[in-house]
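The values are calculated or read from the model by the stated rules, or taken from the named source; none is laboratory data. What you are looking at is a predicted structure, and each value in this text was computed from that prediction instead of being measured. Glycine also receives a Cβ, built like all others from the backbone with ideal geometry; neighbour counts cover every protein chain displayed. Side chains are part of the model used for accessible areas, which takes the heavy atoms of the whole protein and leaves out ligands, DNA and RNA. Shrake-Rupley method; radii C 1.70, N 1.55, O 1.52, S 1.80 Å.
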Amino acid sequence: MVQGRVWHDRLLMETLTHPDQNGLKCKEAHNYENTTQKHVRGPGDFGRHRQEAFEKAPMHVAVMTYLGFGIVTLFGYFRDFLRAVGLEKRNLAQEREEQKDFVPLYQDFENFYTRNLYMRVRDNWNRPICSMPGPVLDLMERVSDDYNWTFRLTGRTIHNVINMGSYNYLGFAENNADYLETVADKTRQYGVGVCSTRQEAGTLDIHVELEQLVARFLRVESSMVFGMGFATNSMNIPALVGKGCLILSDELNHTSLILGARLSGATVRVFKHNNMDHLEQELRESISSGQPRTHRPWRKILIMVEGIYSMEGSVVRLPELIALKKKYKVCLYLDEAHSIGAVGATGRGVTELFGANPDDVDVMMGTFTKSFGAAGGYIAGKKELVEYLRSRSHSAMYTSGMSPPVAEQIIRAIKCITGHDGNREGIRRIRQLAQNTRYFRARVKEMGFIIYGNDDSPVVPILLYMPGKVVAFAREMLERKIAVVVVGFPATPITEARARFCMSAAHTRDMLDEVLHHLNQVGDSLGLKFSRQKQPLQSDLYDGTDLEPDS
């Protein structure tokens, strides 16, 4: 027993003090006796931002949801039978008869789901727009003559549809000529593409300026920008960890994080969403056991989380994560795609929201596609980390550099947010977004809908549950000139289909009131108000008005 304890202690210490080999440096380990204590909660101010709701659906709703999927599945098999006997036309790609013995190109269940369920309702997705995706947009009307297998445009445009689906958090998806003057100037100066990788002839002075600006904005030593947000995760994670490393990933992490983890070759273990007790349990077991079979210490342990989870609207429990990171001397990777610019008093994301030190996050990642109205992403942190990625990242070595006008758009947005452009328009937008978020969330709760997420999150998922109601909701809202995003299985758990509303600083109070008015009516007509929790009336939110732009 004593020998086992000694071996356990030694293994834990070796794991925590193992030197870094992939650009991440974890601090020296402390005495093992400290690591055996129950993990300490983060700073007290975490409670101020922890108002998160995940109300469960009533039992009859869950039963009806399963029953609905069961019925459409049975009809799907019946329609497959009709296709097999030649009574219904086959429209979807399928394996050729002479290739039946080969590994299938099309997965059977995915094919079944697509041809029998998704096709009947796919008019609710991929709708073409023909205007700027601002607070309102114009849609190109389309119809189908073969039950959504193909579409044709009618030539008619649906004007002034309120846009509740875009990640235009700060309203920088705009075409104001005064705001975009510098972007136009940079386009004339540099053109729209660099036609080279960053390591060859693709690094311009505007890229250097942007990276310095991003580092100052995030209050870290250095940063590096990339032309694609998805690739910022999927192509950089393999450069940071590899075989012999361990990734502890939140179960609701974005696909780009999951893909990057898989490509890295590291061992991946999943912990329950925002569950710090489960994460600590995984940490303790992983450190004690070491690598599979050999039980050698892990080369590196990396915790991967998001700032705001785009399907749940929940916010990471950052102070507790940092406490665990320091306690076990592991590394932390924070994806702020949806939180940078959208939360915090000055838009600096969840580190500012919780008053955390950015230096406590080893890898800060974010995208420019949401709050900044542009494209691409960034990795920020210690200078050693960034310099390591410049020579090891596939996204830096094999892809073209960021488009110059896109880089200028990001610079313009950051200067606006920080007030370096000489006015307070950026702060007004941040405050307007926070005001819109609190108002919309409070009103929806009062109506009796079940919504998920944190009170500070501009992503507002409204639970619809049943597949038939999801389709009816999206179509009915569009009839009322409101564009919403609906999401169902397999993108969500089978019993948690939802509509996802995204708040924007560009939404006026009148727009939100119109959306809420129609949402209330549709909720009553379709029977979508499932909440059993009575919400108090927050009268202070009703007195708010739109914040006036700085003159």
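Quick check on my filter: what residues within segment 484-515 are open to solvent by 10 Å² or more (accessible area, probe 1.4 Å) and touching a Ser or Thr at 6+ places or on another chain (Cβ under 6 Å)?
Within segment 484-515, Thr495 is the sole residue that qualifies.
Could you give me the residue pairs with C-beta distances under 6 Å whose first residue belongs to segment 515-528 and is at negative phi, whose second residue is small (Gly, Ala, Ser) wherever it lies, and which are 6+ apart or on separate chains?
Hits for this filter: Leu526/Ala472.
Out of all the residues in segment 141-167, which are in contact with a Lys or Arg (Cβ under 8 Å, 6 or more places away or on another chain) and more than 30 Å from Tyr309 (Cα to Cα)?
Kept after step one, since they are in contact with a Lys or Arg (Cβ under 8 Å, 6 or more places away or on another chain), are these residues of segment 141-167: 141-145, 147-148, 151-154, 158, 160-162, 165, 167.
Matches in segment 141-167: Glu141, Arg142, Val143, Ser144, Asp145, Tyr147, Asn148, Phe151, Arg152, Leu153, Thr154, Ile158.
Just one of Thr182, Thr157 is modelled with pLDDT of 95 or more and open to solvent by 40 Å² or more (accessible area, probe 1.4 Å); which is it? Steps first, answer last, please.
Numbers: Thr182 fails: modelled with pLDDT of 95 or more.
Step by step, each of Thr182, Thr157 is checked, and only Thr157 is modelled with pLDDT of 95 or more and open to solvent by 40 Å² or more (accessible area, probe 1.4 Å).
Mind listing whichever residues of segment 374-414 are more than 22 Å from the chain's Cα centre (by Cα), assigned to a helix (DSSP H, G or I) and under 30 Å from Cys502 (Cα atoms)?
Pro404, Pro405, Glu408, Ile411, Arg412
Can you name the residue in segment 239-268 that is over 18 Å from Leu334 (Cβ atoms) and under 22 Å from the mean Cα position of the chain (by Cα) and is also most open to solvent (accessible area, probe 1.4 Å) among such residues? Break it down into steps so the answer makes sense when it comes.
Initial filter on segment 239-268 (over 18 Å from Leu334 (Cβ atoms)): 242-244, 262-263, 265, 267.
From the residues that got through so far, the ones that are under 22 Å from the mean Cα position of the chain (by Cα) too are 262-263.
Working: Arg262: 184, Leu263: 93 Å².
Step by step, filter segment 239-268, then rank; the result is Arg262.
Of all residues in segment 65-89, which are small (Gly, Ala, Ser) and either closer than 14 Å to Pro467 by Cα or more than 34 Å from the chain's Cα centre (by Cα) (or both)? Let's see the steps before the verdict.
The initial filter retains those residues of segment 65-89 that are small (Gly, Ala, Ser), namely 68, 70, 76, 84, 86.
Those that are small (Gly, Ala, Ser) and either closer than 14 Å to Pro467 by Cα or more than 34 Å from the chain's Cα centre (by Cα) (or both): Gly68, Gly70, Ala84, Gly86.
Please work out if Asp455 is open to solvent by 10 Å² or more (accessible area, probe 1.4 Å) and either polar (S, T, N, Q) or free of Cβ contacts under 8 Å to residues at least 40 places away in the same chain (or both). Break it down into steps so the answer makes sense when it comes.
Working: open to solvent by 10 Å² or more (accessible area, probe 1.4 Å): yes; either polar (S, T, N, Q) or free of Cβ contacts under 8 Å to residues at least 40 places away in the same chain (or both): no.
No, not satisfied.
Residues being more than 15 Å from Cys130 (Cβ to Cβ) and under 27 Å from the mean Cα position of the chain (by Cα): count how many of those fall in segment 141-173.
Going through segment 141-173 one residue at a time, the tally reaches 9.
Tally time: how many residues in segment 133-184 are under 20 Å from Met477 (Cα atoms), among the aliphatic types (A, V, I, L, M) and not in a strand (DSSP E or B)?
Selection size over segment 133-184: 1.
Do we have Gly381 as touching a residue at least 40 places away in the same chain (Cβ under 8 Å), buried (at least 24 other Cβ atoms within 10 Å of the Cβ) and within 24 Å of Gly242 (Cα to Cα) here? Let's see the steps before the verdict.
On the way: touching a residue at least 40 places away in the same chain (Cβ under 8 Å): yes; buried (at least 24 other Cβ atoms within 10 Å of the Cβ): yes; within 24 Å of Gly242 (Cα to Cα): yes.
Taking the combined requirement at face value, the residue satisfies it.
Please state which one of Lys415, Lys481 is of a type outside the set (A, V, I, L, M), open to solvent by 10 Å² or more (accessible area, probe 1.4 Å) and farther than 18 Å from Asn168 by Cβ.
Working: Lys481 fails: farther than 18 Å from Asn168 by Cβ.
Criteria check complete, one pass: Lys415.
Condition check: touching a residue at least 24 places away in the same chain (Cβ under 8 Å), open to solvent by 50 Å² or more (accessible area, probe 1.4 Å) and not aliphatic (A, V, I, L, M). Does Tyr169 satisfy that?
Numbers: touching a residue at least 24 places away in the same chain (Cβ under 8 Å): yes; open to solvent by 50 Å² or more (accessible area, probe 1.4 Å): no; not aliphatic (A, V, I, L, M): yes.
Here the answer is no, as Tyr169 does not meet what is asked.
Given the condition in a loop (DSSP other than H, G, I, E, B), farther than 29 Å from Cys502 by Cβ, touching a helix residue (DSSP H, G or I) at 6+ places or on another chain (Cβ under 8 Å) and open to solvent by 10 Å² or more (accessible area, probe 1.4 Å), answer yes or no: does some residue in segment 220-230 qualify?
Taking segment 220-230 as the starting set, the residues that turn out to be in a loop (DSSP other than H, G, I, E, B) are 220-221, 227-228.
Keeping just the survivors that are farther than 29 Å from Cys502 by Cβ gives 221.
Still in the running and touching a helix residue (DSSP H, G or I) at 6+ places or on another chain (Cβ under 8 Å): 221.
Still in the list and also open to solvent by 10 Å² or more (accessible area, probe 1.4 Å): 221.
For segment 220-230, residues in a loop (DSSP other than H, G, I, E, B), farther than 29 Å from Cys502 by Cβ, touching a helix residue (DSSP H, G or I) at 6+ places or on another chain (Cβ under 8 Å) and open to solvent by 10 Å² or more (accessible area, probe 1.4 Å): present.
Quick check on Arg348: is it farther than 24 Å from Phe368 by Cβ, open to solvent by 20 Å² or more (accessible area, probe 1.4 Å) and touching a residue at least 40 places away in the same chain (Cβ under 8 Å)? Explain how you work it out, then say what you get.
Details: farther than 24 Å from Phe368 by Cβ: no; open to solvent by 20 Å² or more (accessible area, probe 1.4 Å): yes; touching a residue at least 40 places away in the same chain (Cβ under 8 Å): yes.
In short, no.
Could you please let me know if Val214 is among the β-branched types (Val, Ile, Thr), in contact (Cβ under 8 Å) with a residue 60 or more places away in the chain and assigned to a helix (DSSP H, G or I)?
Numbers: among the β-branched types (Val, Ile, Thr): yes; in contact (Cβ under 8 Å) with a residue 60 or more places away in the chain: yes; assigned to a helix (DSSP H, G or I): yes.
Yes, satisfied.
Looking at this structure, is Phe440 in contact with a His (Cβ under 9 Å, 6 or more places away or on another chain), within 22 Å of Gly134 (Cα to Cα), outside any loop (DSSP other than H, G, I, E, B) and open to solvent by less than 20 Å² (accessible area, probe 1.4 Å)? Outline the logic, then answer.
Values: in contact with a His (Cβ under 9 Å, 6 or more places away or on another chain): yes; within 22 Å of Gly134 (Cα to Cα): yes; outside any loop (DSSP other than H, G, I, E, B): yes; open to solvent by less than 20 Å² (accessible area, probe 1.4 Å): yes.
Against the criterion (in contact with a His (Cβ under 9 Å, 6 or more places away or on another chain), within 22 Å of Gly134 (Cα to Cα), outside any loop (DSSP other than H, G, I, E, B) and open to solvent by less than 20 Å² (accessible area, probe 1.4 Å)), Phe440 qualifies.
In segment 278-288, is there at least one residue being within 26 Å of Gly377 (Cα to Cα) and of a type outside the set (Gly, Ala, Ser)?
Step one: filter segment 278-288 for residues within 26 Å of Gly377 (Cα to Cα), giving none.
Within segment 278-288, none of the residues are within 26 Å of Gly377 (Cα to Cα) and of a type outside the set (Gly, Ala, Ser).
Right, Asn454: in contact with an Asp or Glu (Cβ under 6 Å, 6 or more places away or on another chain) and farther than 20 Å from Gly349 by Cβ or not?
Against the criterion (in contact with an Asp or Glu (Cβ under 6 Å, 6 or more places away or on another chain) and farther than 20 Å from Gly349 by Cβ), Asn454 does not qualify.
Within the set of pairs 6+ apart or on separate chains, which have a first residue in segment 186-210 that is without any contact (Cβ under 8 Å) to a residue 60 or more places away in the chain, a second that is crowded, with 16+ Cβ neighbours inside 10 Å and not small (Gly, Ala, Ser), and C-beta atoms under 8 Å apart?
Close Cβ pairs (under 8 Å, with a partner that is crowded, with 16+ Cβ neighbours inside 10 Å and not small (Gly, Ala, Ser)) amount to Ala201/Val194.
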